[in-house]
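Read the figures in this text as sums done on the coordinates, not as results from a lab. These numbers come from a predicted model, not from an experiment. A quick note on method: Cβ atoms are made from the backbone with ideal geometry, for glycine too, and the neighbour counts reach across all protein chains shown.
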Amino acid sequence: MAISSVYEEWAQLLFAEGASRSITHPQSDPDGDTKSNILEFLLGTDPLVADGSIAVHIIDINGQTNWYTKLDLIAWVNGIEFQFETSSDLIEWNPVESNFRLADDGQRTSVELMSLAPVSTEGAQYVRIKLKYSANQF
């Protein structure tokens, strides 16, 4: 089964028949919980129910502040990359050099994401997780 058909089948199960592409698109966020449809697909959560944000932790590595999160996944699509982005105003977002590691212990798959460069904790800082993938994957 093609990767795109797996996402499309999932979308057909969750969205009303005839729902516009602006709602079903992988980057859309119809419930406004800051998780795109493709992330909801990977996490196994409902894209129509706002169920909270993803916890991003501040960790210390050799005296420097970094962001870290771990996500348990129910699905995985090759070619997807995870990256932190930051904003001080929720309008302009800037990428943060990040690294992600996929782990599979035979019972579940998870992804760990960590910023590679130290991050500032001064002033208002908002952080989100951006998924990058080829547009023709979905």
Space enclosed by the convex hull of the alpha-carbon atoms of the range 3-137, per residue, Å³: 121
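Rounded to the nearest 0.05, what FRET efficiency do LEU90 and LEU131 have when you use their Cβ-Cβ distance and R0 = 22 Å? Before the final figure, lay out the partial values.
Working: r = 18 Å, r/R0 = 0.84.
E between LEU90 and LEU131, to the nearest 0.05, is 0.75.
For the chain, what does the helix formula give at 222 nm: sum of -39500 (n - 2.57) over DSSP H segments with n ≥ 4, over the residue count, nearest 500 deg cm²/dmol?
Numbers: 3 runs with 23 residues, N = 138.
Using -39500 (n - 2.57) per qualifying helix, the result is -4500 deg cm²/dmol.
Length gain on complete extension for the stretch ALA55 to SER20, per 0.36 nm per residue less the alpha carbon to alpha carbon distance? Don't skip to the answer; put the middle values down first.
Values: separation 35, 0.36 × 35 = 12.60 nm, distance 3.02 nm.
Stretched fully, the ALA55-SER20 segment lengthens by 9.6 nm.
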Taking 0.36 nm per residue of separation and subtracting the Cα-Cα distance, what length does fully extending LEU48 through ILE74 add? 7.6 nm
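Counting other Cβ atoms within 10 Å, which GluC sites (Glu not before Pro) in the range 1-66 have at most 12 and lie in a DSSP loop? Before the final figure, lay out the partial values.
Numbers: sites: GLU8, GLU9, GLU17, GLU40; in loops: GLU17.
Counting only loop positions with at most 12 other Cβ atoms within 10 Å, the GluC sites (Glu not before Pro) in the range 1-66 are GLU17.
Once R0 is set to 30 Å, what does the formula 1/(1 + (r/R0)^6) return for the Cβ-Cβ distance between SER5 and ALA103, expressed as a FRET efficiency to the nearest 0.05? All intermediate terms of the calculation are to be shown ahead of the outcome.
Working: r = 26 Å, r/R0 = 0.87.
The formula returns an efficiency of 0.70 here.
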